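Visitor: Could you have a look at this structure, given as structure tokens, before my questions?
The values are calculated or read from the model by the stated rules, or taken from the named source; none is laboratory data. This is a predicted model, so every value here is computed, not measured. FYI the Cβ positions are ideal-geometry reconstructions off the backbone, even for glycines, and counts take in every protein chain you see.
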Amino acid sequence: MSKINQLRVPLFLDVGAMYSLMDKRLAEYLKLKCINYKNPILISPIRGPKIEVTHFTNINVIFEDDISITMQFSIMENCAVKALLGLDMCQKIRAKLDYATETFTFSLGIEEYSTQIFPKEQIIEEDDLEEEEVESGSKPEKK
């Protein structure tokens with residue numbers, strides 16, 4: 001589980017996604033600064049028409065309570081998950097997935113870090129931000 005602005009936020013890995021994405025409602029809830037792309041990008045979902053994305057945000061994502069990485073997320077309306085780590089950021093941090101040991105390893109400079117990966121169902125159970133809270137703007141209690 002990652003943290004953004006001191007709140008635990010589920011971050012789903014999808015190396016099939018070209019871009020890291022964040023749902024617009026989450027970005028608004030966290031009061032993140034959204035920046036206009038000079039040239040909007042197009043997301044090609046598995047089904048349906050291409051989606052134009054016009055904004056992004058740069059934020060610090062915390063792993064394991066002390067590993068901070070500045071990451072760029074494209075802001076998308078009605079994203080399937082709150083935050084998705086795509087191929088763009090995985091390449092930037094030289095990420096490696098080891099399915100046998102269920103670990104996600106990445107590099108920052110010369111340092112290498114590993115963190116446990118979890119199934120989607122377990123991540124959803126541990127999510128601090130319930131869907132209703134994000135939609136309504138009410139703040140959850142910190143754990």
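Visitor: Please go through region 1-36 and pick out each residue that is at pLDDT below 90 and of a type in the set (S, T, N, Q).
Guide: Residues satisfying the conditions are S2, N5, Q6.
Visitor: Run down I110, I69 and say which single residue is out of contact with any Gly (no Cβ under 6 Å at 6 or more places or on another chain), modelled with pLDDT of 90 or more and crowded, with 16+ Cβ neighbours inside 10 Å. Lay out the reasoning, then the answer.
Guide: Numbers: I110 fails: crowded, with 16+ Cβ neighbours inside 10 Å.
That would be I69, the only listed residue that is out of contact with any Gly (no Cβ under 6 Å at 6 or more places or on another chain), modelled with pLDDT of 90 or more and crowded, with 16+ Cβ neighbours inside 10 Å.
Visitor: Turning to a different aspect of this structure: Give the residue that is nearest to Y37 (Cα to Cα), with candidates limited to residues of region 72-87 that are surrounded by fewer than 17 Cβ atoms within 10 Å (Cβ to Cβ) and over 10 Å from the mean Cα position of the chain (by Cα).
Guide: Out of the qualifying residues, it is E77.
Visitor: Within region 1-67, which strands (runs of 3 or more DSSP E) (wholly inside it) include 2 or more residues that are closer than 28 Å to T115 by Cα? Break it down stepwise before answering.
Guide: Details: elements: 2-4, 7-9, 21-23, 35-43, 51-63.
In region 1-67, the matching strands (runs of 3 or more DSSP E) lie at 2-4, 7-9, 21-23, 51-63.
Visitor: Report the residue count in region 71-85 for those that are closer than 11 Å to L11 by Cβ and not in a strand (DSSP E or B).
Guide: Kept after step one, since they are closer than 11 Å to L11 by Cβ, are these residues of region 71-85: 71, 73, 81-85.
Adding the requirement that they be not in a strand (DSSP E or B) leaves 81-82.
Within region 71-85, residues that are closer than 11 Å to L11 by Cβ and not in a strand (DSSP E or B) number 2.
Visitor: For region 41-64, check the following and say yes or no: at least one residue is buried (at least 16 other Cβ atoms within 10 Å of the Cβ), touching a His at 6+ places or on another chain (Cβ under 7 Å), under 22 Å from V9 (Cβ atoms) and without any contact (Cβ under 8 Å) to a residue 60 or more places away in the chain.
Guide: So far as region 41-64 goes, no, none of its residues is buried (at least 16 other Cβ atoms within 10 Å of the Cβ), touching a His at 6+ places or on another chain (Cβ under 7 Å), under 22 Å from V9 (Cβ atoms) and without any contact (Cβ under 8 Å) to a residue 60 or more places away in the chain.
Visitor: Still on this structure: Identify the residue in region 43-60 that is at pLDDT 95 or above and hydrophobic (A, V, I, L, M, F, W, C) and, among all such residues, is nearest to S107 (Cα to Cα).
Guide: Per the criteria, the residue is I59.
Visitor: Is it fair to say I93 is in contact (Cβ under 8 Å) with a residue 60 or more places away in the chain, surrounded by 13 or more Cβ atoms within 10 Å (Cβ to Cβ), of a type outside the set (D, E) and over 16 Å from K24 (Cα atoms)?
Guide: Values: in contact (Cβ under 8 Å) with a residue 60 or more places away in the chain: no; surrounded by 13 or more Cβ atoms within 10 Å (Cβ to Cβ): yes; of a type outside the set (D, E): yes; over 16 Å from K24 (Cα atoms): yes.
It is false that I93 is in contact (Cβ under 8 Å) with a residue 60 or more places away in the chain, surrounded by 13 or more Cβ atoms within 10 Å (Cβ to Cβ), of a type outside the set (D, E) and over 16 Å from K24 (Cα atoms).
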